[in-house]
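Worksheet: one structure, shown below.
The values are calculated or read from the model by the stated rules, or taken from the named source; none is laboratory data. Since the structure is predicted, the reported quantities are computational estimates derived from the model, not experimental observations. Using ideal geometry, Cβ is built from the backbone for each residue, glycine included, and neighbour counts are taken over all protein chains shown.
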């Protein structure tokens, strides 16, 4: 399940407690080109929500591999 429009940490916490797999929204990042996302993920420790972004990417990639 994917939750879109997550804007606050409180929303994210509630959605995680409800076992929502992927969270998306301005809490994590504004829309950006793929190249900019790659740079953001490679920065390491420079973003407030880096671990949450990486968790979402990991879950997304896992869901792709299981749906093929």
- [ ] Kindly indicate whether any position in the range 48-59 is modelled with pLDDT under 70, in contact with a helix residue (DSSP H, G or I) (Cβ under 9 Å, 6 or more places away or on another chain), farther than 21 Å from residue 7 by Cα and not in a helix (DSSP H, G or I).
- [x] no
TODO: Please specify each residue of the range 1-20 satisfying the condition of being assigned to a loop (DSSP other than H, G, I, E, B), within 20 Å of residue 64 (Cα to Cα) and touching a strand residue (DSSP E or B) at 6+ places or on another chain (Cβ under 7 Å).
DONE: 20
